[in-house]
1. So what is the 222 nm mean residue ellipticity for chain B from helices alone, if each DSSP H run of at least 4 adds -39500 (n - 2.57) and you divide by all residues, rounding to the nearest 500 deg cm²/dmol?
2. Could you tell me which of rounded, prolate or oblate describes segment A:12-161, using a ≥ b ≥ c as the square roots of the eigenvalues of the alpha-carbon gyration tensor, with rounded for a/c under 1.5 and, failing that, prolate when a/b is larger than b/c and oblate otherwise?
3. Considering only C-alpha atoms, what is the centroid distance from segment A:1-70 to segment A:150-227, in Å?
4. What is the mean number of Cβ atoms from other protein chains located within 10 Å of the Cβ atom of each residue in peptide A:166-175, rounded to a whole number?
5. Any idea how far apart residue B:6 and residue B:58 come out in nm if each label point goes 7 Å out from Cα toward Cβ?
6. Sequence gap at least 6, Cα distance under 8 Å: using those rules, report the relative contact order of segment A:4-262 to the nearest whole percent.
7. Ratio to report: Rg/Rh of chain B, with Cα atoms as the point set and Rh obtained by the Kirkwood method; give two decimals.
8. Where a ≥ b ≥ c are the square roots of the eigenvalues of the C-alpha gyration tensor, would you call the protein assembly as shown rounded, which needs a/c under 1.5, or, failing that, prolate if a/b is larger than b/c, or oblate?
């Protein structure tokens, strides 16, 4: 128990730095692809303003560019000053700009990675609240750990209920989808030998459903963290889901704190 | 319809349900209709980008592609669940048309007799194509 305050401090610091990297990458990516948000682009403002409400003043082409630059500045502040009042304000501001980005894209930019990053930033804002009790800071970190675990379990249960995941059919369909840009060395269709796809699918379902064991034993936690990072790095390499790798990497240290708090 | 509140609620209480596995993912295709002769083949609108090692961390083109695919999948879900006359579905359709126009512009395509797009579900295992929606000639 005596090591917990130091562990909480280092956990918050690491989460701040990785989350800062994630939001900085998100901002730079959107700045790079801002042509798609311009008046001649796919996500042109006139097609979307009805869903923006009063926030349209921040979501027009030029205003949103300013929002992204502010996001970059806040990311630098959070990485440079974790566990300070400034870090707390930066985390809250980043949660706000992440929400604005989702709104700009009519709900989400990149699926679940938006929600995970928002969860991490919200948790970090609470975990850095000035003049708050340690229990409040802990609550911020444990909230992220709980959502992280839930994200695996929920996804695992959804897959486990579907026969197509057990047969490898679902994974085959995702590998064949052009949008994911699966590298050429990965076989996309295996009509004659579905076994490798079945094994990978069953492995993912097993890992996701067993993720809660990480809360109860440090060795199991190390195993879950290792498999989780490998899994996200794999999906980033195969499916191009780099935002998932960064968002979940920012959340993973919270699980290490959780196991020391609970076990 | 998406609102600021619904977007916030989705982020505060995420479902963590990443795949709508009951359905195979849809594909958006378009074809040009030349002034003379047969229509061209249907081509995919959301196409993969070349993968580099640094895309593991920074992948703007990939993020744009995935956002475009998310748009197509959302339109597909709305078409099935609400029908094409629903306001949300019409909003998605307008974005999908912008996506198709953007693909035509990138391909530097000539107008000819116009173009069409369609939403299909490709079942690679059964080697079948289910057409969900086919636009009028534009």
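1. That calculation yields -12500 deg cm²/dmol at 222 nm.
2. Numbers: a/c = 2.22, a/b = 1.36, b/c = 1.63.
Oblate, since a/c reaches 1.5 and b/c is not below a/b.
3. About 29 Å separates the Cα centre of segment A:1-70 from the one of segment A:150-227.
4. That average works out to 3.
5. For the pair residue B:6/residue B:58, the computed spacing is 3.6 nm.
6. 23 percent
7. Here the Rg-to-Rh quotient is 0.99.
8. It comes out oblate by the Cα gyration axes.
Read-outs throughout are calculated quantities, based only on the coordinates presented, and are distinct from any laboratory measurement. Everything numeric here is computed off the predicted structure, so don't read it as measured data. Every residue, glycine as well, gets a Cβ built from its backbone with ideal geometry; the counts of neighbours run over all protein chains shown.
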